[in-house]
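The values are calculated or read from the model by the stated rules, or taken from the named source; none is laboratory data. On a predicted model such as this, the values are computed, not experimentally measured, just so you know. We place every Cβ from the backbone using ideal geometry, glycine too, and count neighbours over all the protein chains shown. Just so you know, the surface numbers come from the protein's heavy atoms only, side chains and all, with ligands and any DNA or RNA stripped out. Shrake-Rupley method; radii C 1.70, N 1.55, O 1.52, S 1.80 Å.
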Amino acid sequence: AGAVGAGFGFAIALRANAVAHHPITAAFGTTVEVAVTPTESARSVGHGRLLFRANLRQLAGNETFGRVVVFASPRDFSAAMVGQPMRFRARITPPTRHDLTVAVVTATGAPTIGRAGPLNRVAYGVRGQFADTARRVLPADQASMLPALVLGDMSAVTPIVNQEFRAAGLTHLTAVSGANVTIVCGAVLFSSRLIGPRIAVGLAGIALALFVIVVQPSASVLRAAMMGAIALVGMLSARRRQAIPALAATVLLLMVLTPQLAVDVGLALSVVATAALVVIAPVWSRRLVSAGWPKPLADAICVACAAQLVTAPLIAGISGRVSVVSAVANLAVAALIAPITVLGSAAAALCAVWPAGAQLLIRFTGPEVWWLLRIAHWSASVPGASVPVPSGFSGVLTVGALGVLAVLCWRRRWFRAGLVLAACALLAWSLSSLLAGAGGSVGHA
């Protein structure tokens, strides 16, 4: 452990020194022509601006390299595609995060756009066709949410819906995570079980590669793919003890390939959630099953509670808030994620070759997406759905200590009774608020 830590520390020191002395530092505060290649799709950050990350290729006509964050106008950059080289004038400013980004680039002119590679063009086409097909088949709110749930495409999701998902603790569903990868690969393994284990594993690997290409192989997607593969191995293997060494090796490999993930919150959340999935949840589930619970219900409850337990401290440290309805909301939609992901992924694959079949599959996702939107809306409207806590390291310690205390006190009957009473009081409070709001609306009408 000491040797690995020293090796990574030395390597990161070299990289950080290279960023600090990058040639672009001489251009801070100036406007020059740059050439970049986007590594992720542009997303709206409000105030009429788009944001995307890119690899720098040229600065003022001179060849150079580095990771940059690009801010641009939706009018000129809305069609920016991953892997599509572009050239434009931009103002160069220092980076705001210590993640090996060399500069922040704010576009001041329209871009001259080149041609992306064939794989990127195919992926962009699949994403566009899937979104168009969803708009033709589903209502507007469901059509905007389905691409986010299946492919992580948040371009059509409204700020209100995004805020509701954040308050309900369901934001992870709108980003490509290890769960998406696990579901896709698991579906392939299950459907191909009749043709032999080796062929089944090969098909699952092909499905994983195609899924990553279509979703776009950014650092976060590669992280999700590796975390999902580890979770899948842990669930399918009888020797779960190997999951943690495999998880540790995966983290080390990610640090070699993409060291900027060392300060990425998503990686920390993925790692702890995956560890909880393969270590904590099975133990809790066996206890519930031995107490007479049905295994599917026990698995669903334990996965939701274990994920909430290990991720809540990190979320508190980041945002300064904790969702008290997150576990219930995730449990209420847990059974819907697999059919949405499987049907949506199959529909995305069929959009180009069999549009009618894709439309049929998308129609079957309508009820599930409707229920998911309603749960998010209801959870966000619960009074005190999220409570403020200290942010930073103190918030991590506070929420983590409360979580450990809750686990230790769970065997106490008075503690369980108190939780049931608190849940009933919160439910009654939320129902009274909803009924009061409905009564006020009727009276006003």
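The local environment of Arg57, defined by Cβ-Cβ distances under 10 Å, has a net charge of 0 under the rule Lys, Arg +1 and Asp, Glu -1. Taking each DSSP H run with n ≥ 4 as -39500 (n - 2.57) and averaging over every residue of the chain yields -21000 deg cm²/dmol at 222 nm. Taking a ≥ b ≥ c as the square roots of the eigenvalues of the alpha carbon gyration tensor, segment 1-72 is oblate, as a/c is not under 1.5 and a/b does not beat b/c. Rounded to a whole number, what % of the accessible area of segment 1-156 do carbon and sulfur atoms account for, probe 1.4 Å? So the carbon and sulfur contribution to the accessible surface is 58 percent.
Distance between the pseudo-spin-label points of Ala248 and Thr31 (7 Å out from Cα toward the beta carbon): 5.4 nm.
Cα gyration tensor of the chain, axes a ≥ b ≥ c as square roots of the eigenvalues: rounded (a/c below 1.5), prolate (a/b > b/c) or oblate?
Values: a/c = 1.42, a/b = 1.35, b/c = 1.05.
The shape class here is rounded.
The residues of the chain present an accessible area of 52 Å² per residue when probed at 1.4 Å with all protein chains retained. In the chain, if the dipole is taken from +1 on Lys/Arg beta carbons and -1 on Asp/Glu beta carbons about the Cα centre, which of Cys351, Val19, Ile340 is farthest to the positive end? Working it through, the farthest residue towards the positive pole turns out to be Ile340. For Gly109, nonlocal amide neighbours, meaning residues 5 or more places apart or on other chains whose placed amide H falls under 5 Å from its own, are Arg89. Taking the C-alpha atoms only, the angle from helix 197-215 to the longest principal axis of the chain is near 60 degrees. DSSP finds beta bridges in the chain, and of those with both partners inside it, around 85 percent are antiparallel.
On C-alpha positions alone, give me the angle between the axis of helix 140-151 and the longest principal axis of the chain, in degrees, nearest 10. Compared with the principal axis, the helix lies near 80 degrees.
Distance between the modelled labels on Ala401 and Ala16, one decimal in nanometres: 2.9 nm (7 Å Cα→Cβ projection). Between Ala275, Ala329, Ala18, the GNM of the chain built on Cα springs shorter than 10 angstrom shows Ala18 fluctuating the most.
Against the chain, whose longest principal axis is taken from its Cα atoms, helix 118-137 shows a tilt of about 50°.
Checking the a/c ratio against 1.5 first, then a/b against b/c, what shape does the Cα gyration tensor give for segment 125-189? Let's see the in-between values first.
Numbers: a/c = 2.25, a/b = 1.11, b/c = 2.03.
Note, shape of segment 125-189 comes out oblate.
Modelled label positions at Trp414 and Val353, each set 7 Å beyond Cα in the direction of Cβ, lie 6.4 nm from each other.
How big is the charge dipole of the chain about its Cα centre, in debye rounded to the nearest 20, if each Lys and Arg gets +1 on its Cβ and each Asp and Glu gets -1 on its Cβ? Mind dumping the intermediate values first?
Values: 33 positive and 12 negative charges, 137 e Å.
Once rounded to the nearest 20, the dipole reads 660 debye.
A Förster radius of 30 Å, combined with the Cβ-Cβ distance separating Ala140 from Asp76, puts the computed FRET efficiency at roughly 0.70. I want to verify a result. In a Gaussian network model of the chain, Cα cutoff 10 Å, which of these has the top mean-square fluctuation: Gln359, Gln142, Gln58? Fluctuation is largest for Gln58. Counting 0.36 nm for each residue step from Thr106 to Ala334 and taking away their Cα separation leaves a gain of 78.0 nm. Using a Gaussian network model of the chain in which every pair of alpha carbons under 10 angstrom is joined by a spring, one finds that among Ala107, Ala246, Ala26 the greatest mean-square fluctuation is at Ala26.
Give the relative contact order (percent, whole number) for the chain; include only Cα pairs under 8 Å separated by 6+ residues.
13 percent
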